[in-house]
Amino acid sequence: MASPALISETQPWKDLKGHVEEVKRTHLRELMSDTERCRSMTVEFDDMLLDYSRQRATPDTIDKLFALAEAASLKQKIDRMYNGEHINSTENRSVLHVALRAPRDAVICSDGKNVVPDVWNVLDKIKEFSERVRSGSWVGATGKVLKDVISVGIGGSFLGPLFVHTALQTEPEASEHARGRQLRFLANVDPIDAARNISGLDPETTLVVVVSKTFTTAETMLNARTLREWISAALGPSAVAKHMVAVSTNLPLVEKFGIDPNNAFAFWDWVGGRYSVCSAVGVLPLSLQYGFPIVEKFLKGAQSIDQHFYSAPFDKNIPVLLGLLSVWNVSFLGYPARAILPYSQALEKFAPHIQQVSMESNGKGVSIEGVPLPFEAGEIDFGEPGTNGQHSFYQLIHQGRVIPCDFIGVMKSQQPVYLKGEVVNNHDELMSNFFAQPDALAYGKTPEQLQRENVPPHLIPHKTFTGDRPSLSLLLPSLTAYSIGQLLAIYEHRVAVQGFVWGINSFDQWGVELGKSLATQVRKQLNASRVKGEPVEGFNYSTTTMLTRYLE
Ligand code: F6P
C-alpha cells in the first residue's frame with residue numbers, strides 16, 4: 001500500500017490525537033511529582049542540560065511522538081539533508097548549511113561534488129582578508145586603518161549575524177579582540193536606519209560589507225547605493241574599491257554594482273538565507289570585528305550539534321526532542337505560539353533571529369507535495385530576555401493564554417558582578433528568576449492556597465494561577481563563541497525536525513514574494529506620479545486614496 005501523503009492520515013498521528021484527553025486529565029503539578037518521569041525527561045550533551053519535564057507530556061507521549069517521527073521518516077529525511085539531496089524541491093536545491101561548519105577533511109556532496117573544499121576556500125579567504133584589515137595592512141583610500149564596519153543586508157543576511165554579534169559583544173575573549181572596533185548593521189530601507197548607521201562614523205575609516213544572497217533585494221541594494229554615495233562623496237568614486245566588499249551567491253551582479261569580484265566572498269544556492277549565518281554572510285563581518293579564530297570557535301560549536309543531531313538516538317537528541325515537542329504543542333495541544341526566553345541579555349537578538357528561521361521556514365499551508373494541509377503548521381515565535389519580559393508580557397503567559405516557553409539559562413555570566421556585602425550577586429538574581437518561572441507556570445496557585453493566606457475572597461479569582469502551563473529549560477555551561485554556535489544549530493535543526501514531521505518544505509519562502517511584487521507596482525506608480533505627474537490608477541479605492549494623499 002502506498003504511504004499516505006499527509007502525516008495527519010497516519011496511525012501515529014491519530015494515536016496522538018486520541019492521547020490528548022488522557023494527558024489533559026493530569027495537571028503538571030501531578031506530573032512533576034513523578035520523579036522517575038522527570039528523570040527520564042532530561043538530556044545532557046556536552047555540558048548542556050535540557051529539561052523538558054514541564055511539558056504536558058508523559059513518557060507515553062514521547063513514545064508516541066517517536067512513532068510519529070518514524071511514520072514521517074524523520075531519520076531518512078535528516079540523512080537526505082546531510083547527503084545533499086535536493087530536499088528543497090520547489091527550488092530544486094540541496095540544503096547544506098551543515099557543510100558550512102564541517103571540518104576541512106569532511107566530505108559533503110551536492111550534485112556529486114564535495115562542497116567542503118569550496119567552503120574552506122572562502123573561509124581561508126575571509127581569514128586572510130580580515131587579518132589584513134584588522135592589522136592595518138589593508139587600508140582605506142586615504143591610508144587610514146578601517147576600524148569600523150557596516151554590514152548591509154536584510155532578513156537572513158542580517159538577523160543571524162546580528163544575533164551572534166550581540167552575543168559575542170560582552171564575551172570576554174571576543175570583546176578583547178574587538179577593542180577599538182565597531183560593527184553595525186544596516187537593514188531597513190527606512191532612511192532613519194542609514195542615518196543612524198553612518199552617524200558618528202568617518203568614511204575614511206569605514207568598510208562597508210554588502211551582504212545579499214541574490215544581490216537583488218530592493219532594500220539592500222538601495223542601502224548599498226546610499227553608502228556607496230556616502231563614500232564617493234567624501235573620498236571620490238575610486239575609494240569604493242577600498243571601502244566596499246560583498247558577500248553573495250551572485251558574483252556577476254556584485255561586479256556590475258562596482259565592487260571588485262576579488263573583494264567578493266561567495267556562498268552557494270544550497271545555503272538558505274536564514275541558514276546562512278555560518279557562511280561568509282556572518283563569518284566575514286564577525287571575523288572583521290572579532291578575528292577569525294573566535295568565529296572558528298563559533299563554527300565548531302555549531303558543528304558539534306550537527307554531529308549530535310546526525311548521530312544521537314532520538315531519545316538523547318536535543319534538536320529532535322525539541323522539534324517533536326513543538327509538534328506536540330502546536331498540532332495536538334493546540335498552542336500555536338512559543339516564547340523564547342533567554343535569561344541572558346547577550347541573547348537579546350536570539351528570538352528575532354529564530355523568528356525568521358522558524359516562521360519563514362515552517363509558515364506553510366501545503367505539504368511538500370503541494371497538498372493543502374488539514375492542520376496548521378508553523379508556530380508563532382516571539383521572545384525577550386528575562387527578566388525584562390517578566391515585566392512585560394509574562395502576565396499573559398501566567399494568567400491569559402497558554403504559551404509554551406523555552407527558558408534558556410547560562411550557568412556562568414559573561415560579565416559577573418558581585419555586589420559587596422550582598423549575599424546574592426547579579427547573576428544569581430537573574431538565575432533565581434530562571435529557575436522560579438517554570439515552576440510558577442507549571443504549578444500555579446490554587447484558590448485554596450490563597451484562602452490559607454487570608455487573601456480577601458473578592459481577590460481570589462484575580463490572584464489564582466491555573467498553572468499547567470508548559471515550558472522547557474535549556475541550561476548552558478557558559479555563553480562562549482562555541483556555545484553560541486551550539487545554540488544556533490540546535491534551533492536550526494529543531495525547525496527542520498518540525499518541518500520534516502509536518503511534511504512541508506521548510507527551505508523555501510514563496511510567501512514573501514507577493515508583497516514584494518505589489519511593492520514594485522506601487523514604486524513604479526510613485527515614480528510616475530512624482531516625475532511625470534501621472535495620476536494614481538490601477539489600485540483599489542483604499543490604496544488609491546492613501547497613495548493620492550501620500551503624494552500630496
Ligand atoms: O524576503 C525574504 C528573503 O528572501 C529572505 O529569505 C532572505 O534572507 C532575505 O530576503 C534577504 O535576501 P538576500 O540575501 O538575497 O538579499
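A short reminder: the numbers here are calculations on the coordinates, not readings from a lab. What you see is a predicted model; the values in this text were computed from it and never measured. Heads up, the Cβs are rebuilt from the backbone with ideal geometry, glycines too, and the neighbour counts pull from every protein chain shown.
Numbers at a glance
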| quantity | calculated |
| --- | --- |
| Region 50-137 - Debye-derived log10 I(q)/I(0), Cα point model, q = 0.12, 0.13, 0.19, 0.22 Å⁻¹ | -0.62, -0.68, -0.91, -1.02 |
| Cα gyration tensor shape of region 322-367, rounded if a/c is under 1.5, else prolate or oblate by comparing a/b with b/c | oblate |
| Region 1-104: projected area of the alpha-carbon convex hull, averaged over directions, in nm² | 9.9 |
| Between helix 513-532 and the chain: long-axis angle, C-alpha atoms, 0 to 90°, nearest 10 | 40 |
| Sequence-separation-based contact order of the chain, relative, with Cα cut under 8 Å and 6+ spacing, percent | 18 |
| Isotropically averaged projected area of region 7-61, using the convex hull of Cα atoms (one quarter of hull area), nm² | 4.8 |
| Where Cα atoms sit under 25 Å apart: lysine pairs in region 419-552 separated by 8 or more or lying on different chains | 4 |
| Over region 299-384: Kirkwood hydrodynamic radius from C-alpha pairwise inverse distances, Å | 14.6 |
| Where the Cα pairs of region 228-316 fall when distances are cut into 10 Å bins, in % | 15, 33, 30, 14, 6, 2, 0 |
| Equivalent-ellipsoid semi-axes of region 352-502, from the Cα gyration tensor, Å, largest first | 33, 26, 11 |
| Region 464-546: C-alpha gyration tensor shape, a/c 1.5 cut-off, then a/b vs b/c | prolate |
| Share, in percent, of DSSP beta bridges within the chain that are antiparallel, nearest 5 | 30 |
| Proximal lysine pairs, region 1-119, alpha carbons under 17 Å, eight or more residues apart or interchain | 5 |
| Largest-first ellipsoid semi-axes for region 84-177, taking √(5λ) over the Cα gyration tensor eigenvalues, angstrom | 31, 18, 15 |
| Relative contact order for region 267-348, counting Cα pairs under 8 Å that sit 6 or more residues apart, in percent | 10 |
| Distance between region 60-106 and region 185-231 - C-alpha centres, whole angstrom | 36 |
| Segments 30-40, 139-149 sorted - mean Cβ within 10 Å per residue, highest first | 139-149, 30-40 |
| Between region 323-344 and region 475-509, the Cα center-to-center distance that results, in Å | 14 |
| 10 Å-binned pair-distance histogram of the chain (Cα, whole percent) | 3, 16, 25, 24, 18, 10, 3, 0 |
| Nearby aspartates and glutamates by direct alpha-carbon distance to LYS316 (threshold 19 angstrom, same-chain neighbours under 8 apart not counted) | GLU36, GLU44, ASP46, ASP47, ASP51, ASP60, ASP63, GLU70, ASP79, ASP306, ASP406, GLU492 |
| C-alpha long axis of helix 481-502 to longest principal axis of the chain, angle in ° | 70 |
| Under 23 Å from LYS242, Cα to Cα: lysines that are on another chain or at least 8 residues apart | LYS125, LYS127, LYS144, LYS147, LYS213, LYS256 |
| Extension gain, LYS516 back to VAL424 (0.36 nm per residue minus Cα-Cα distance, nm) | 28.0 nm |
| Within region 332-469, percent of DSSP bridges classed antiparallel, to nearest 5 | 20 |
| Calculated [θ] (222 nm, deg cm²/dmol) that DSSP helices of n ≥ 4 give over the chain, each run adding -39,500 (n - 2.57) | -14000 deg cm²/dmol |
| Calculated P(r) of region 106-152 - Cα pairs past 15 Å, % | 59 |
